[in-house]
1. What helices (runs of 4 or more DSSP H), lying completely within segment 362-468, carry at least 1 residues that are surrounded by fewer than 16 Cβ atoms within 10 Å (Cβ to Cβ)?
2. If we scan segment 332-354, do we find a residue that is in a helix (DSSP H, G or I), closer than 27 Å to MET243 by Cβ and of a type in the set (Gly, Ala, Ser)?
3. Could you count how many residues in segment 241-264 are surrounded by fewer than 22 Cβ atoms within 10 Å (Cβ to Cβ) and more than 21 Å from VAL386 (Cβ to Cβ)?
4. Looking only at segment 93-107, count every residue that is farther than 15 Å from SER147 by Cα, surrounded by fewer than 20 Cβ atoms within 10 Å (Cβ to Cβ) and in contact (Cβ under 8 Å) with a residue 24 or more places away in the chain and tell me the total.
5. For segment 404-449, what are the residues that are farther than 30 Å from THR247 by Cβ and in contact with a Phe, Trp or Tyr (Cβ under 9 Å, 6 or more places away or on another chain)?
6. Does at least one position in segment 285-299 carry a residue that is among the β-branched types (Val, Ile, Thr) and in contact with an Asp or Glu (Cβ under 8 Å, 6 or more places away or on another chain)?
7. Might you check whether a residue that is at pLDDT 60 or above, closer than 30 Å to ARG304 by Cβ and buried (at least 20 other Cβ atoms within 10 Å of the Cβ) occurs anywhere in segment 30-46?
8. How do the pairs read when you match residues in segment 386-411 that are farther than 14 Å from TYR249 by Cα and at pLDDT 95 or above with residues anywhere that are of a type in the set (S, T, N, Q) and assigned to a helix (DSSP H, G or I), using Cβ under 7 Å and keeping only pairs 6 or more apart or on different chains?
Amino acid sequence: MFAPRTRVIDGMGSVAWGSLLLFVGTLVSIGGTFVTRVILVRSLSEADWSALSLGFAYAGLVSSFGSLGLGSAVARSLPYAESEERRRGIIRTALVVGGTAAIVASVLLYLLGPEIARAVSSPALAETLQLLALSTGFMIFGGLIASIFQGYEDVRPNAYFLQALNPFLFVFFLGALIALPKFGLTYLYAVYAYVAAAGVSLAAILVYGVRKLPRHLAPGPRAPGSARILLAFTAPLFASGVMAYFTSYGDTLVLGAFDSLHVGTYVASLTMARLLTLGIGALSYIFLPVSTKYFRDREMSSVRILYVTATKWMVLASLPLFLLFVFLPGPSLGLVYGSAYTSVTLPLQVVTLGAFLSTIVGPAAAAQVAFGQTRLLLYNSIVAGVADLGLAWVLIPHYGLLGAAIAWCSANAIYPALSLIEVEMIDSVHPFRLHFLVPLFATAVPAALLLLVVPRTISVWWLPPIGVGIALLFVAMTLVTRSIDEGDRLLLVAVEQMLGRKIPLVRRIAALVRPPP
């Protein structure tokens, strides 16, 4: 019992620290994205803003092809490898193949830009895509380097450079353009600023990689056959990554084909809904390499404890937003974007539901990658991607933004649900234990009833304290209902080890609410 318990504590520590760092980095990214969105919305015309939103969507589509699924494959293959020689072969293959793919993707987007713009009747989109072609290659290769460190449970390159530095530089460059009367913030200069931010971020992560990677893996010989093993594992992840992109953005692309002028408005509500997935996204990133080690050593009980405990506490980041966006959508939109976007309350409510459903099931897709269930993951992504595109194509002509929201909600609930069903059936991994469900419902039901009677004209400045109150209520309900299990206690030990000191108050509270034997 001692060895597995120690291993779980180590895993909890990696997950807690990695998730926290990524969560903070993502909050910085969101803050930067919000500031840039305000600047761009106020500085550009609605047509230019919609063209830029479409440009980002199509650049993301090409990135999903150009990344080849190498990121997840490398992050899983490195902790699963049995020797340093094998890891050297994996890294070299990833850098050569990934770098080539990044260049090809950039060239492809540059060449296809005018044709895409012509197809959606958006002339400004042509030059936008050709400029974004360069940043697409930067982001693909930067993400690949981050995934190498992810395999060593080091999330700092992702958190520091991709999540924090990149949006910060974008804000900085936009501010500089506004401050310099000689230039001013025009549409093309905004795109230049985005490309420059991606380029500097790539340079920074390259410097980090050159300096830090030898600490994880010293130079030496490479094991033969590494390329074949990695690429064979990558193939289904490549296809599932492309389809997963359609699951997330297919409705946006279809909306652009029917109504390109209102894409920016829809993206505004979708951006808010994606806030709910920040915690689970951070968790999935670090959960993949940690659970891979457990799976390699057949410590499935450790995986189960880690899965449910981490998912349970990530609800703190999504439940308050879910309740606010569903029951107070108007004030929520007003707080973030101002009164101009309060007309898309129903689309916001719909996509928020899909985001919350995808969150409470936990990091099921990451678990499937760790367990080597890549073929099942591919099937799931195909089903979800087809659902998003199909529903969007049928509903958008009749219901506009609401049709796009229904398509996104359906697909993003289907994808993780299928993954969860499969990992539960095969490995008995799922989060729906009583110590998770009881505080979840004990918090959500009374909070929802209270929000139903709150006036829809409530001041937007009441929303942050209400959100904090919901999070505190979840913690209180966890304690009052004695919904504490062994995983929670091991998480406390892991956090104490991370801090280098005991937390007596938390220990006393945990002892008082210890569930009866």
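The values are calculated or read from the model by the stated rules, or taken from the named source; none is laboratory data. From a predicted model like this one, the values you see are computed outputs, not experimental measurements. Please note: Cβ atoms are built from the backbone with ideal geometry, for glycine as well, and neighbour counts cover all protein chains shown.
1. Working: elements: 364-370, 374-399, 401-427, 434-452.
By residue number, 374-399, 401-427, 434-452.
2. yes
3. Number of matching residues: 4.
4. The number of residues fulfilling the criteria is 3.
5. ALA442
6. The initial filter retains those residues of segment 285-299 that are among the β-branched types (Val, Ile, Thr), namely 286, 290, 292.
Going one step further and asking which of them are in contact with an Asp or Glu (Cβ under 8 Å, 6 or more places away or on another chain), we end up with 286, 290.
Yes, the conditions are met somewhere in segment 285-299.
7. Within segment 30-46, the first condition is being at pLDDT 60 or above, and the residues that meet it are 30-46.
Filter once more, keeping what is closer than 30 Å to ARG304 by Cβ: none.
The answer is no, given that none of the residues of segment 30-46 is at pLDDT 60 or above, closer than 30 Å to ARG304 by Cβ and buried (at least 20 other Cβ atoms within 10 Å of the Cβ).
8. none
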